[in-house]
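For reference, the structure is listed below as structure tokens.
The values are calculated or read from the model by the stated rules, or taken from the named source; none is laboratory data. Small disclaimer: the values here were computed from a predicted structure and weren't measured. Using ideal geometry, Cβ is built from the backbone for each residue, glycine included, and neighbour counts are taken over all protein chains shown. Areas reflect the complete protein model, heavy atoms only, side chains present, ligands, DNA and RNA absent. Shrake-Rupley method; radii C 1.70, N 1.55, O 1.52, S 1.80 Å.
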Amino acid sequence: MNTDIFTAHESNVRRYGRSFPAVFTKALGATIWDEAGKPYIDFLVGSGALNYGHNNPNIIAPAIEYLVGENILLSLDMYTVAKREFIEVFVDSILKPRGLSYKIQFPGPTGTNANEAALALARKYTGRSSVMAFTNAFHGMSLGSLAVSGSASTRELGGVARHDVIRVPYDGYPNQDFDSASYIDSLLGDPGSGIEKPAAIILETIQAEGGMNAASAAWLTEIQRICREHGVVLIVDDIQAGAGRTGEFFSFEFAKINPDIVCLSKSLSGSGSPFSIVLIRPDLDIWNPGEHSGTFRGNNLAFVTAGAMCEMWSDGQFTKGVERTAAKLQRHLDSLVAKFPTCIEQKRGRGLMAGLKCRSQAVVGRMHDVAFENGLLIESSGPNRDVIKVLPPITITDDELDRGIAILDHALKEQANGD
């Protein structure tokens, strides 16, 4: 398998090509093939950008029809039929059934574009500059998003000093005995804390890159109460945890909260096509026309595929299938935790956004390599890269899921036998 062209000409910054030294050529559902014809079960799914699997026919068929029809592909923020139809189906299939009412901003194609827009709007609305962000957070690779991310190595990128960020403990940090919500409430309510009231609190309900740390419903409810009491905008970064990843469309639904701003991207298009939106509480939508912009905010092909994805959530059989698959994955992982206690410390995450906290980075590294050799794509996360992320498509078949788990089992068994 020839990879010389990549080594010779692609930047040193490449990562996944080094982790998975194969040249891939075809993909369908939860399976991806290399050019030698070897199949792999995909528990990586574009780092959460392919929740609905590769080339989902319900999503790709409308895209093919759109492409051959000489339709508009790029429209800035002009009105198009594709954009109108996406807004209609998103409101009718996603927002209204959940009792949610938001204005929709199209900021640009990626998750970090959405987060930057959300942070800018919160600052404009409140007239304040600081933002409260959490330990082990990750919000993107542009400067504003880097500033509110938790990892030191991430924040140092760009070589520019980033101020106006108040770092606070996430739920369960540094341990379950510490009540971080009460601590945040005290900081904001005490004039002697030395902390100025922030414009916003930005959070992920599950910190994917931070180690699959999942916030409890009680903690999220309390953070929302604190934001309301202190006049702080609550931003939920639902870029990786949203669009169905946890088993519900929004990752915060289980907590019954209503964030002021929600950022969506990754699997929002349903197809891997870049697409993001910012959902804004209507009274917060104080943008002036053209005040926030982006050339690629009118990706009409993404409007088409995202609309097809949203329609799937109106199908009761589809939603029940996702719930069943999430429950099955959780049972599989519980079994692995019980079977390999010398390798696995605990299960993390929620629904189909799951992780296995391992005893060491070495265990994860070997699991990754053995899994790849046997036809499974997985990646690690966490500040010490000691958490295996388990992100199968939410549409994965029982057979594909069982095969993927069997490969994980084999990789863990090799580790356990080597101890």
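Residues of the stretch 75-91 that are open to solvent by less than 90 Å² (accessible area, probe 1.4 Å) and either part of a loop (DSSP other than H, G, I, E, B) or touching a residue at least 60 places away in the same chain (Cβ under 8 Å) (or both): Ser75, Leu76, Asp77, Thr80, Ala82, Lys83, Phe86, Val89, Phe90.
Figure legend. Inter-residue proximity from the stretch 126-145: first residues closer than 12 Å to Ala114 by Cα, second residues assigned to a loop (DSSP other than H, G, I, E, B) and of a type outside the set (A, V, I, L, M, F, W, C), beta-carbon distance below 7 Å, spacing 6+ or different chains. Indicated pairs: His139/Ser149; Ser145/His139. For the stretch 312-331, the set of residues classified as surrounded by fewer than 19 Cβ atoms within 10 Å (Cβ to Cβ), not hydrophobic (A, V, I, L, M, F, W, C) and not in a loop (DSSP other than H, G, I, E, B) consists of Gly316, Gln317, Thr319, Lys320, Gly321, Glu323, Arg324, Lys328, Gln330, Arg331, listed by residue number.
Of everything in the stretch 349-378 that is open to solvent by 10 Å² or more (accessible area, probe 1.4 Å) and closer than 14 Å to Gly210 by Cα, the residue that is farthest from the chain's Cα centre (by Cα) is Lys357. Filter the stretch 263-306 down to residues that are outside any loop (DSSP other than H, G, I, E, B) and open to solvent by 10 Å² or more (accessible area, probe 1.4 Å) and give me whichever is nearest to Gly127 (Cα to Cα). In this case the residue turns out to be Asp283.
On inspection, Leu95 does not qualify as outside any helix (DSSP H, G or I) and out of contact with any strand residue (DSSP E or B) (no Cβ under 7 Å at 6 or more places or on another chain). Here His54 fulfils each of the conditions (1) open to solvent by less than 70 Å² (accessible area, probe 1.4 Å); (2) farther than 30 Å from Gln207 by Cα; (3) not aliphatic (A, V, I, L, M) apart from (2).
Select from the stretch 29-86 the residues that are modelled with pLDDT of 95 or more and of a type in the set (Ser, Thr, Tyr) and list them in ascending order. Within the stretch 29-86, Thr31, Tyr40, Tyr52, Tyr66, Ser75, Tyr79, Thr80 qualify.
Annotation note: Cβ proximity below 8 Å between a residue of the stretch 375-401 that is assigned to a strand (DSSP E or B) and a residue that is open to solvent by 10 Å² or more (accessible area, probe 1.4 Å) and of a type in the set (A, V, I, L, M) (sequence gap 6+ or interchain) occurs for Leu376/Ile407; Leu377/Ile32; Leu377/Leu44; Glu379/Leu44; Lys389/Leu44. Regarding the stretch 186-199, can at least one residue be identified that is at pLDDT 95 or above, under 28 Å from Ile104 (Cβ atoms) and crowded, with 21+ Cβ neighbours inside 10 Å? Yes, that holds for at least one residue. Does any residue of the stretch 96-114 turn out to be open to solvent by less than 20 Å² (accessible area, probe 1.4 Å) and over 30 Å from Leu146 (Cα atoms)? No - not one qualifying residue is present in the stretch 96-114.
Screening Gly211, Gly231 for residues that are at positive phi, modelled with pLDDT of 95 or more and either open to solvent by 40 Å² or more (accessible area, probe 1.4 Å) or touching a Lys or Arg at 6+ places or on another chain (Cβ under 8 Å) (or both) leaves exactly one candidate, Gly231.
One line per residue, one yes/no per condition, for (1) in contact with a helix residue (DSSP H, G or I) (Cβ under 7 Å, 6 or more places away or on another chain); (2) not in a helix (DSSP H, G or I):
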{"site": "Gly108", "(1), (2)": "no, yes"}
{"site": "Asn115", "(1), (2)": "yes, no"}
{"site": "Ala118", "(1), (2)": "no, no"}
{"site": "Arg128", "(1), (2)": "no, yes"}
{"site": "Ser145", "(1), (2)": "yes, no"}
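On the given criteria, is Pro341 more than 21 Å from Ser47 (Cα to Cα) and assigned to a loop (DSSP other than H, G, I, E, B)?
It is true that Pro341 is more than 21 Å from Ser47 (Cα to Cα) and assigned to a loop (DSSP other than H, G, I, E, B).
Does Ser314 count as under 23 Å from Gly272 (Cβ atoms) and without any contact (Cβ under 8 Å) to a residue 24 or more places away in the chain? Answer is no for this residue. The set of residues in the stretch 221-261 that are among the aliphatic types (A, V, I, L, M) and in contact (Cβ under 8 Å) with a residue 40 or more places away in the chain comprises Ile223, Ile226, Val232, Val233, Ile235, Ile239, Ala241, Ala243, Ala255, Ile261.
Spot the failing condition for Ala217; the list is (1) open to solvent by less than 10 Å² (accessible area, probe 1.4 Å); (2) of a type in the set (Gly, Ala, Ser); (3) modelled with pLDDT of 95 or more, and only one is missed. Every condition holds for Ala217 apart from (1). Out of Leu412, Leu408, one residue alone is assigned to a helix (DSSP H, G or I) and within 18 Å of Phe20 (Cα to Cα). It is Leu408.
If you filter the stretch 34-51 down to residues that are within 19 Å of Thr110 (Cβ to Cβ) and either without any contact (Cβ under 8 Å) to a residue 24 or more places away in the chain or in a helix (DSSP H, G or I) (or both), you find that the one that is most open to solvent (accessible area, probe 1.4 Å) is Gly46. Figure legend. Inter-residue proximity from the stretch 6-33: first residues more than 18 Å from Ser380 (Cα to Cα) and open to solvent by 50 Å² or more (accessible area, probe 1.4 Å), second residues assigned to a strand (DSSP E or B) and of a type in the set (Asp, Glu), beta-carbon distance below 6 Å, spacing 6+ or different chains. Indicated pairs: Phe24/Asp34. Counting only residues that are open to solvent by 30 Å² or more (accessible area, probe 1.4 Å) and more than 21 Å from Ala241 (Cβ to Cβ), the stretch 332-348 holds 7 of them.
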